[in-house]
Amino acid sequence: MAFERVDLPNPQDTIVALCSGHGSGLRAIVRLSGPEAHQFASAVFQPLEGNDGTDDAPVRLRRVVPGCLYLEGISAAIPAWLYRFYAPRSYTGQDIAEIHTLGSPPIIEQLIAEILRAGARAARPGEFTLRAFLAGKKDLAQAEAVRAVIEADAQSDLQRALQQLAGGLSEPLQALRHDLLDLLADVEANLDFVDEDITFLTPQEASRRIEEAKGRLQMLLQQLQNRQLAGRIPRIVLVGPPNAGKSSLFNVLSGAQALVSPVPGTTRDYLTQMCEWDGVRVELVDTAGWQPAENCIEEQAQNLGRTVAEQADIILWCDDQGVFLPPDHPHSPEMWSQAVVVRVRTKVDLVPHGDERSSDGYPADVACTVMSAEGIQPLRLMLREKLEALRHSSTAPGYSRCQHHIEEAVRHLEAAAKQITAQEPLEFVAAALRAALHQLGELTGAVYTNELLDRIFSRFCIGK
């Protein structure tokens, strides 16, 4: 079997990359990290005043220096701000320079090209966060949370990633690891003094501490599973104008019997129904039709519907004419909700064949009718796809790695407990405890290989 050697990039290189979004914008940020970060930044940046933010003071402080960029082939001075951060009090633990300037792609390309010619190296994907890990600024669980924050496309994903980034996973794991290290030390002390009449740890005490550690790991695993499922059943909310077929769709999807009528405003409150599709439980909600409120009751119904929709995971925006606002319109659901929005053209059985998609407004994502099983199938398939995407959010890769290491650690602790019960030699117990500690070490990064780090950080985007 052949093994591929994985070499990590040299952490003493000075690296550079665009760390803001690609494309045009009001401002772009180019980041440098490494021993010569400030030197290379000064090669293209000139401060407005005499002080460029570098000095020989014993304690170098973070600072922002206004100035201009002077780039080859561009005759005019380009306004910019240079942010200086000094080791070890920076994100990477190294000197960092960030150049904030106009978000013009040609300017940014020329700026990075000149910094590369000065001697910097183009950063690899995730290399800034890799350096933060190597400097002890973050453990692996927090590093993976950085990627999850960047890729989060729903509020629930973002909150879970931010919690992990703040140490919500790392702190209990580190505390548990320290307790297991103490337990292993006591077991090995018994081994060292096996011929002496000294006992550092009784079998009963060892079993109790192992069971306590195993319980904490299992509780942590359950918390991770709850977070992965967003902590609750996915909520799907139907919205749209009156008489758009929402209640009929609600009945077909949920099996409920909501009142259906051609009279606009039949649904005055919102209706909820728990249902299960392909083994996935969901909460389906039908809301009052969007229309100007003529009295306080209708106004309350409108407000209730809006509040429920704001808390949705998926919004089904129903319209029988197939006319929708684009996602960037101020009144579009994307502008006031974090949910996934699906535009559904209803009642297509009443539309002449071949005219299912209206040419007016923003097009529908799917067309359906409740008059037959075949007519509702396209919507069911799309909902299945969206629900699957919610379950495999940006936190999933990190979660899978965490789950594997925690389950393996539990397995080794169970083996240690059985060995104590069977009165097997303490060497076996110590070996099982070391194996459990190794799994926790790989999870937090206390134990790592170059291949593991390459696999984790290569998934990042460049500049992070």
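Does the stretch 93-105 contain any residue that is assigned to a helix (DSSP H, G or I) and surrounded by fewer than 22 Cβ atoms within 10 Å (Cβ to Cβ)? Yes, the stretch 93-105 contains a residue that is assigned to a helix (DSSP H, G or I) and surrounded by fewer than 22 Cβ atoms within 10 Å (Cβ to Cβ).
The rows are residues; the columns are (1) modelled with pLDDT under 70; (2) surrounded by 15 or more Cβ atoms within 10 Å (Cβ to Cβ); (3) among the polar types (S, T, N, Q).
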{"residue": "Thr202", "(1), (2), (3)": "no, no, yes"}
{"residue": "Gln223", "(1), (2), (3)": "yes, no, yes"}
{"residue": "Arg235", "(1), (2), (3)": "no, yes, no"}
{"residue": "Leu238", "(1), (2), (3)": "no, yes, no"}
{"residue": "Lys246", "(1), (2), (3)": "no, yes, no"}
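Counting only residues that are crowded, with 16+ Cβ neighbours inside 10 Å and either polar (S, T, N, Q) or part of a strand (DSSP E or B) (or both), the stretch 313-326 holds 7 of them. Once the stretch 327-350 is narrowed to residues that are in a strand (DSSP E or B) and not β-branched (Val, Ile, Thr), the residue that is surrounded by the most Cβ atoms within 10 Å (Cβ to Cβ) is Arg345.
Among the residues making up the stretch 112-130, those that are within 14 Å of Ala37 (Cβ to Cβ) and assigned to a helix (DSSP H, G or I) are Ile112, Ile115, Leu116, Ala118, Glu127, Phe128.
What do you reckon, is Ala367 at pLDDT 90 or above, farther than 25 Å from Leu176 by Cα and among the small types (Gly, Ala, Ser)?
Working: at pLDDT 90 or above: yes; farther than 25 Å from Leu176 by Cα: yes; among the small types (Gly, Ala, Ser): yes.
The answer is yes for Ala367.
The values are calculated or read from the model by the stated rules, or taken from the named source; none is laboratory data. Note that this is a predicted model, so its numbers are computed, not measured. Using ideal geometry, Cβ is built from the backbone for each residue, glycine included, and neighbour counts are taken over all protein chains shown.
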